[in-house]
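The values are calculated or read from the model by the stated rules, or taken from the named source; none is laboratory data. None of these values were measured; they are calculated from a predicted model. Cβ sites come from the backbone with ideal geometry, for glycine too, and all protein chains shown count toward neighbours. Remember, those area values only see protein heavy atoms, side chains included, never the ligands or the DNA or RNA. Shrake-Rupley method; radii C 1.70, N 1.55, O 1.52, S 1.80 Å.
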Amino acid sequence: MVFAQKTHTVVAKENPYSISKKYGISIDELYRLNPKVKDGKLNIGDVLVVSKRAEEKPKTTEKPSVSLSGNVTKIVLQPKQTIYGITKQYHIAEADLRKLNPELDSHLKIGDEVTLPAENVKKYADKNAFNRNFAVTIPAPIADTPKVDASTEKSNVDDSSYVIQPKDNYYKITKNFGISQKDLFEMNPGLEEKGLQPGAVIKVKKSVNSNSSVKETVALQDDNKPAKQASVSQEDEYQTYTVQDGDTVFGILNKFGITLDQLIAMNPRVTDGLKTGMVLKVKKLESAYVKKNEGALNVILMLPFGFEASDSKYRSMATDFLTGAKLAIERNASSGQKLEIKVVDAGSESSFRNSLSQINQENTDLIIGPFFKSNVLDVLDYVKSKKIPVVAPFANSPELRNFNNLVITETDEEVFADRIVKEVLQAYSDQKIYIVADNDSQNANYIKNNIKKQLKNSNIIIVNSAAEIQLDTNMMTGQSAPVMAILASKEENLGNEFAQRMMSLSSETTGVKAFSMYYHSVFDKEEESLRKANLVYLMDRKINTDGSFEKEILATYKKLYCKTPSKYAIIGFDVVNDILSRENSKGELFKQMSKTQTQLATKFEYVKSKEGAYVNTGCRVVRLIP
């Protein structure tokens, strides 16, 4: 075989790691092509071989791990798909993948095609959304991405659009255009999942005929019209899903916990391939609760006002929660929703059973509260024959999930941990991983164990101080190599320490990657510096005070109560406003649970658990891009 070698001349501050990354090859491959490098002989001016390109009619005696001579097919790359992910998904060695795709490193953009052995794609069909002659994935429409040039930006887009700049983030964009993050995500479906991509064009203003964000959030939905922001809806007695750009059959099966045969039985046309915008039946609905009469929706709020005089903590929580709930009730009522509200003093845990007698099961359509798990269980038992919907604002434990008339609004910490694991796996490239934990290392151990399941040879260290995070060392050159670090604590002092350490390490070398399960205020203060550390963090119950929807709610609350809303007032507004906006004119709450909605500070994205309860899995991801 005749080869044309591609070479690189070493310059100051370069090392094998940086060179291998530059040319998209592994360090082992660099060492194989340049035996002297492995001996540590790397000097400025050295000429290294970085690839070999086969010329006309190459022949090889090397046996690949999969058949490369048979039929091949192509898949279309989806957001965040990586070489590592493709090799694992389709059971093909990276070397074989590169033989089939010589220019692989320069063809890894969303929408690019990658060649694979047809046998592998077909063999792992059920796992990779490829079966019965329909496509592996739905390619997102590929549009010409305008260059990020301030001088030409205005001529490339209309007044309602904006070209994303390299250092933009959600906060900056929403502040500049006076919109909320909820508005931004509604105008740009898929943006929250894909993140901000420099050069991409997004919508930042609604058309003149669009309703305001407030109206879209709280307006009562017509029985036959799904909410505008919903990609999942109900039709007849089936839960339906509208196919989005980049969806796969496997992803849809996993999302709704159904088999391929079930999906095809409900949607025979799926065998012809998925298309963006296609509406699929994904699950047959159980008989849903319907309100008792044709008049107003009868709602009970069960709040713990009657605690002992010596313990005012829960009384204060209940009072604040009610102020936010009252604002949400008034907003929905002003939009035309007919409501009858009754506030029940849930008392203390010991006296709670006396409060149950105030629930008239014959005319109650919805119960919001109580706060405590034991009380929630008592209510569920009390109304079990009527199956009245119950909303738990704070309680969230495994035993509650067995009730199919329960809505759990508090996102489980496991959801946050799983999302961090997903982010780390997507960004991983053989770095050492540190996890910073507080005294309770439960989250840290969970994250470590779940990363280990996917990356069995990864080097993961749990530490109790960010100061223990150290850059790795390249054993061949003695130079520093980047690491990944995860913060698995809510403690503010650890958040500050973690941020400072990440800024320090990222100033020493490039490629450091930081992650946090929780938001810390220092992330806003040091945003520009933390970009260098590629910080990704999850955010829950933080208000974008520059959004139009948020501004309106905060101003109204302050006018009513002469103060800004407390944490529990915000939760009261978010929970009540979200639930009431899901109710249709028949009171069929459970037919409206598939909508994803973000309220003042909380994202609500419900899934029906295997046990039966509806559980909120919503969390917002913030990525700081250098």
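Please work out which residue is farthest from L494 (Cα to Cα), limiting yourself to the stretch 519-538 and to residues that are assigned to a helix (DSSP H, G or I) and in contact with a strand residue (DSSP E or B) (Cβ under 8 Å, 6 or more places away or on another chain). Give the steps one after another, and end with the answer.
Applying the first criterion (assigned to a helix (DSSP H, G or I)) to the stretch 519-538 yields 522-525, 527-531.
Filter once more, keeping what is in contact with a strand residue (DSSP E or B) (Cβ under 8 Å, 6 or more places away or on another chain): 523, 530.
Numbers: F523: 12, L530: 15 Å.
Among them, the one singled out is L530.
When V379, V344 are screened for being hydrophobic (A, V, I, L, M, F, W, C), farther than 23 Å from T564 by Cα and under 34 Å from the mean Cα position of the chain (by Cα), only V379 passes.
Within the group S458, S429, S506, which residue is open to solvent by less than 60 Å² (accessible area, probe 1.4 Å), farther than 30 Å from F573 by Cβ, part of a helix (DSSP H, G or I) and of a type in the set (S, T, Y)? Steps first, please.
On the way: S458 fails: part of a helix (DSSP H, G or I); S429 fails: part of a helix (DSSP H, G or I).
None of the other options fit; the residue is S506.
Annotation: T242 fulfils all but one of (1) closer than 22 Å to K608 by Cα; (2) open to solvent by 20 Å² or more (accessible area, probe 1.4 Å); (3) in contact (Cβ under 8 Å) with a residue 40 or more places away in the chain; the unmet one is (3).
Determine, yes or no, whether K513 is at pLDDT below 95 and under 22 Å from the mean Cα position of the chain (by Cα).
Working: at pLDDT below 95: no; under 22 Å from the mean Cα position of the chain (by Cα): yes.
No; evaluated as a whole, the condition is false for this residue.
Residue-level check: of (1) assigned to a loop (DSSP other than H, G, I, E, B); (2) open to solvent by 10 Å² or more (accessible area, probe 1.4 Å), Y606 misses just (1).
Within the stretch 382-413, the set of residues being modelled with pLDDT of 95 or more, out of contact with any Pro (no Cβ under 7 Å at 6 or more places or on another chain) and among the β-branched types (V, I, T) comprises V390, V391, I408. Yes or no: I447 within 20 Å of the chain's Cα centre (by Cα), at pLDDT 95 or above and under 24 Å from Y519 (Cβ atoms)? Yes; evaluated as a whole, the condition is true for this residue.
Filtering the stretch 462-479 to residues that are surrounded by 14 or more Cβ atoms within 10 Å (Cβ to Cβ) and either closer than 23 Å to Q89 by Cα or not charged (D, E, K, R) (or both) leaves I462, V463, N464, A466, I469, Q470, L471, N474, M476, T477, Q479. Is it true that some residue in the stretch 381-397 is on the phi < 0 side of the Ramachandran plot and assigned to a helix (DSSP H, G or I)? Yes, that holds for at least one residue. Of the residues making up the stretch 334-364, those that are open to solvent by less than 50 Å² (accessible area, probe 1.4 Å) and either touching a Cys at 6+ places or on another chain (Cβ under 6 Å) or not in a strand (DSSP E or B) (or both) are Q337, A346, G347, S348, S351, F352, S355, L356, I359, Q361, T364. For the stretch 548-569, filtering for residues that are open to solvent by less than 60 Å² (accessible area, probe 1.4 Å), of a type in the set (A, V, I, L, M) and more than 26 Å from V204 (Cα to Cα) leaves 1. For the stretch 245-285, a residue qualifies if it is among the small types (G, A, S) and open to solvent by 70 Å² or more (accessible area, probe 1.4 Å), and exactly one does: A265.
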